[in-house]
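To keep things clear, I will list the structure first and then write my remarks on it.
The values are calculated or read from the model by the stated rules, or taken from the named source; none is laboratory data. These figures come from a predicted structure and were not determined experimentally. Heads up, the Cβs are rebuilt from the backbone with ideal geometry, glycines too, and the neighbour counts pull from every protein chain shown.
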Amino acid sequence: MSKGPTDKALAAIDSLRGTVTMARVLVQSGRDVDLAGLDGEAATLCAQVAKLPAATGQRLRPALEALVRDVEGLAATLPYPPTLPPGRP
């Protein structure tokens, strides 16, 4: 049985949430993480959701809101970059 667009979007949301959760656990344990790929994954997910009918997008809203909370939680655990002395780029 093939998955419909809603199922594919939910799977993509769940996958991204898993990635964000793993990154958060790693950061909380003191490990460095490379988050460069998250932008691309998020952009792909947004493009996928944008193609769906509005009613379908509304059904995805709770999952997307949970993803946003996960990303905000990850952001809260990230260390601030070191401050550079004045005059340094």
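So the values come out like this:
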item	result
The stretch 57-82, residues that are of a type in the set (V, I, T) and over 16 Å from D14 (Cβ atoms)	T77
Members of the stretch 13-42 that are under 26 Å from G57 (Cα atoms) and among the acidic types (D, E)	D14, D39, E41
Among residues of the stretch 45-80, those that are β-branched (V, I, T) and within 11 Å of the chain's Cα centre (by Cα), counted	2
Selection from the stretch 72-89 of residues that are at pLDDT below 65 and aliphatic (A, V, I, L, M)	L84
Residues located in the stretch 9-44, provided they are within 16 Å of the chain's Cα centre (by Cα) and either among the basic types (K, R) or not in a helix (DSSP H, G or I) (or both)	R17, R24, V33, D34, L35
Extreme residue, modelled with the lowest pLDDT, among residues of the stretch 39-65 that are loosely packed, with under 13 Cβ neighbours inside 10 Å and closer than 18 Å to G18 by Cα	D39
